[in-house]
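Take a look at the structure below.
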Amino acid sequence: MGEKYYKYVIVGGGVAAGYAAREFANLGLQPGELAIISKEAVAPYERPALSKAYLFPEGAARLPGFHVCVGSGGERLLPEWYTKKGIDLILGTEVVKADVASKTLTTAYGAVYKYGTTLVATGSTFIKLSDFGVPDADAHGIYYLREIKEADALVQAIKTKKDAVAVVVGGGYIGLELAAVLVLNKLKVTMVYPGPWCMPRLFTTHIASFYEGYYKAKGVTIVKGTVASGFETDQHGHVKLVKLKDGRELPADIVVVGVGARPVLAPFKGQLAEEKGGFKTNVPDVYAVGDVATFPLKLYSDTRRVEHVDHSRKSAIHAVQAIKAAEAGNSIPEYDYLPYFYSRSFDLSWQFYGDNVGEDVVFGRDNTTTQPKFGAYWIKDGKIVGAFLEGGTPEENKALAKLAKEQPTAPSKETLLAEGLNFALMT
Ligand code: FAD
């Protein structure tokens, strides 16, 4: 099999790949210059849809409806768009070997591609319970979610198991979103997570108690402070019971696991500098973007890896701009990222900007009515460094982003509590 050369190759065909392709096209791309090699069988799409509208019982999102870049209000890049731009989408193809010295990529089919510049956009994959040594964690009926094929398997399970009993293992945003869509599909849902409350990496106990109360009111049973330690299966190897570490047992027809993700380093491992679990690229003509990138976070004079969709889009765009500028003998300003992420479930929707460090002030939490609206600020060294809002309008969320970016001096806690959202709107 011969070698094929592309000026640019993006390894991975997820969110970052799609936004990078659009930026290449915006900045000037000749047909045949760019290829995307992706393990997935479909063109880049907005991955967050998979735990939300993709699983709705009615009016579910389906491709081509959520190809990138619709998630940020941009043009939808249908497969035809890539053809029109002369971009080769090499789908259903895993890169199994990368050699950055010879600038060569080898696929599982034995095809060899040479590149001038490559973007490592391999994203993350889910952590499995078997990674923690939980026995029988690969039984039928136990689902994980990262790619569309897993979402399809879950849709199928939901359809064939009407009135089923589901256990969601994990209390992060994926677990919360999945529990909500399972309830919408009329399954009887129990969530299990080890922490004292859900989303412990972001939520304070006061924030979490709202969501836990809301979920309980929707019929979700919450089991906290323990983990799944094993499963019991029927004679066909299908899960029927989740065993918990504290000795309790939960009957289950479907188990959905969301216990975290880890970056996919495999084809480049050992060839690029690693920090905080990701690549901090130190090799010319190799750019890591999205979930797999560890980068200088200028705002906090820190180095971070961020596993959220906004960063995957922006880091991809930034990398392409840096590549094109370098070709023209120019440089661009350093990536100046404001951490941002969001989640949506039931009719709830929250956004978070900045850093959740220091002291927190939760406002408006006690007067949440039928349409919940409350928020929080985080204060460090006398400055507001993080802001959270449930139920915000686009203008309000914009004000929160500005606050987190500008980091104004925090007034007294009492003033912040009294002013609540107005503090962000007036600053
Ligand atoms: P991905 O989008 O994961 O793309 C990586 C691609 O690389 C995949 O196509 C993969 O198959 C491919 N690949 C990997 N290895 C190889 C290889 N060796 N060869 C070829 N191809 C390879 N973030 C939020 O901020 N808010 C949300 O509400 C939200 N919801 C989410 C819901 C779900 C179900 C999931 C899984 C994630 C969610 N995220 C959310 C996170 C967000 O989707 C990710 O941060 C984002 O997709 C990362 O983009 P990426 O391009 O780096 O990686």
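The values are calculated or read from the model by the stated rules, or taken from the named source; none is laboratory data. Quick caveat, the model's predicted, so the values are computed rather than measured. Virtual Cβ from ideal backbone geometry, glycine too; neighbours counted across all protein chains shown. Just so you know, the surface numbers come from the protein's heavy atoms only, side chains and all, with ligands and any DNA or RNA stripped out. Shrake-Rupley method; radii C 1.70, N 1.55, O 1.52, S 1.80 Å.
Tell me, please, whether a residue that is open to solvent by less than 10 Å² (accessible area, probe 1.4 Å), out of contact with any Asp or Glu (no Cβ under 7 Å at 6 or more places or on another chain), within 14 Å of the ligand (Cβ to nearest atom) and not small (Gly, Ala, Ser) can be found in the range 21-34.
Scanning the range 21-34, I find no residue that is open to solvent by less than 10 Å² (accessible area, probe 1.4 Å), out of contact with any Asp or Glu (no Cβ under 7 Å at 6 or more places or on another chain), within 14 Å of the ligand (Cβ to nearest atom) and not small (Gly, Ala, Ser), so the answer is no.
Does ILE317 satisfy the criteria of being more than 15 Å from the ligand (Cβ to nearest atom) and modelled with pLDDT of 95 or more?
Details: more than 15 Å from the ligand (Cβ to nearest atom): no; modelled with pLDDT of 95 or more: yes.
So ILE317 fails the test.
Only one of (1) in a loop (DSSP other than H, G, I, E, B); (2) modelled with pLDDT of 95 or more; (3) crowded, with 22+ Cβ neighbours inside 10 Å is not met by PHE231, so which one is it?
(1)
For every residue, the table says whether it meets (1) under 30 Å from the mean Cα position of the chain (by Cα); (2) modelled with pLDDT of 95 or more; (3) open to solvent by 40 Å² or more (accessible area, probe 1.4 Å).
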{"position": "GLU359", "(1), (2), (3)": "yes, yes, yes"}
{"position": "VAL362", "(1), (2), (3)": "yes, yes, no"}
{"position": "THR370", "(1), (2), (3)": "yes, no, yes"}
{"position": "ILE379", "(1), (2), (3)": "yes, yes, no"}
{"position": "PHE388", "(1), (2), (3)": "yes, yes, no"}
{"position": "GLY392", "(1), (2), (3)": "yes, yes, no"}
{"position": "ALA410", "(1), (2), (3)": "no, yes, no"}
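Quick one: what pairs do we get from the range 14-35, first residue within 19 Å of ALA49 (Cβ to Cβ) and assigned by TED's automatic domain parsing to the domain that holds ASP291, second in a helix (DSSP H, G or I) and more than 16 Å from the ligand (Cβ to nearest atom), C-beta under 8 Å, 6+ apart or different chains?
ALA21/LYS85
All but one of (1) touching a Leu at 6+ places or on another chain (Cβ under 6 Å); (2) more than 16 Å from the ligand (Cβ to nearest atom) hold for ARG304; which doesn't?
(2)
Among the residues in the range 288-297, are any assigned to a loop (DSSP other than H, G, I, E, B) and open to solvent by less than 30 Å² (accessible area, probe 1.4 Å)? Show your work before the answer.
Here is the first cut: in the range 288-297, the residues assigned to a loop (DSSP other than H, G, I, E, B) are 289.
So of that shortlist, the ones also open to solvent by less than 30 Å² (accessible area, probe 1.4 Å) come out as 289.
Checked the range 288-297: at least one residue is assigned to a loop (DSSP other than H, G, I, E, B) and open to solvent by less than 30 Å² (accessible area, probe 1.4 Å).
Taking the range 301-316 on its own, how many of its residues are in a helix (DSSP H, G or I) and open to solvent by less than 40 Å² (accessible area, probe 1.4 Å)?
We begin by selecting, within the range 301-316, every residue in a helix (DSSP H, G or I); these are 309-316.
Adding the requirement that they be open to solvent by less than 40 Å² (accessible area, probe 1.4 Å) leaves 309-313, 315-316.
So the answer is 7.
Please go through the range 112-142 and give me each residue that is farther than 27 Å from ARG313 by Cα and either within 12 Å of the ligand (Cβ to nearest atom) or in contact with a Lys or Arg (Cβ under 7 Å, 6 or more places away or on another chain) (or both), ordered by number.
Pass one, the range 112-142, residues farther than 27 Å from ARG313 by Cα: 112, 129-142.
Matches in the range 112-142: ALA137 only.
Please go through the range 148-203 and pick out each residue that is assigned to a loop (DSSP other than H, G, I, E, B) and polar (S, T, N, Q). Can you show your working first?
Here is the first cut: in the range 148-203, the ones assigned to a loop (DSSP other than H, G, I, E, B) are 161-164, 170-172, 185-187, 194-203.
Passing the criteria: only ASN185.
If you take the residues in the range 333-347 that are crowded, with 17+ Cβ neighbours inside 10 Å and more than 12 Å from the ligand (Cβ to nearest atom), which one is nearest to TYR173 (Cα to Cα)?
Only one residue fits best here, namely PHE346.
Report every pair of residues separated by at least 6 positions or lying on different chains whose Cβ atoms are under 7 Å apart, first residue within the range 384-395 and assigned by TED's automatic domain parsing to the domain that holds PHE352, second polar (S, T, N, Q).
That search, which allows pairs on different chains as well, returns ILE384/GLN407; VAL385/GLN407; GLY386/ASN356; LEU389/GLN351; LEU389/ASN397; GLY391/SER349; GLY391/GLN371; GLY392/GLN351.
With (1) out of contact with any Lys or Arg (no Cβ under 7 Å at 6 or more places or on another chain); (2) without any contact (Cβ under 8 Å) to a residue 60 or more places away in the chain; (3) more than 16 Å from the ligand (Cβ to nearest atom) as the list, and ILE222 as the residue in question, which single condition is left unmet?
Against the list (1) out of contact with any Lys or Arg (no Cβ under 7 Å at 6 or more places or on another chain); (2) without any contact (Cβ under 8 Å) to a residue 60 or more places away in the chain; (3) more than 16 Å from the ligand (Cβ to nearest atom), ILE222 comes up short only on (1).
Taking the range 261-285 only, how many residues are outside any loop (DSSP other than H, G, I, E, B) and more than 14 Å from the ligand (Cβ to nearest atom)?
Filtering the range 261-285 for residues outside any loop (DSSP other than H, G, I, E, B) gives 261-263, 266-268, 274-275, 278-279.
Checking which are more than 14 Å from the ligand (Cβ to nearest atom) leaves us with 274-275.
Residues in the range 261-285 being outside any loop (DSSP other than H, G, I, E, B) and more than 14 Å from the ligand (Cβ to nearest atom): 2 in total.
Given LYS149, LYS188, LYS162, which one is surrounded by fewer than 19 Cβ atoms within 10 Å (Cβ to Cβ), touching a residue at least 24 places away in the same chain (Cβ under 8 Å) and under 18 Å from the mean Cα position of the chain (by Cα)? Please lay out each step first, then the result.
On the way: LYS188 fails: under 18 Å from the mean Cα position of the chain (by Cα); LYS162 fails: under 18 Å from the mean Cα position of the chain (by Cα).
So the residue among LYS149, LYS188, LYS162 that is surrounded by fewer than 19 Cβ atoms within 10 Å (Cβ to Cβ), touching a residue at least 24 places away in the same chain (Cβ under 8 Å) and under 18 Å from the mean Cα position of the chain (by Cα) is LYS149.
Which of the residues that make up the range 45-95 are away from the ligand (no atom under 13 Å from the Cβ), in contact (Cβ under 8 Å) with a residue 60 or more places away in the chain and open to solvent by 60 Å² or more (accessible area, probe 1.4 Å)?
PHE56, PRO57, LYS85
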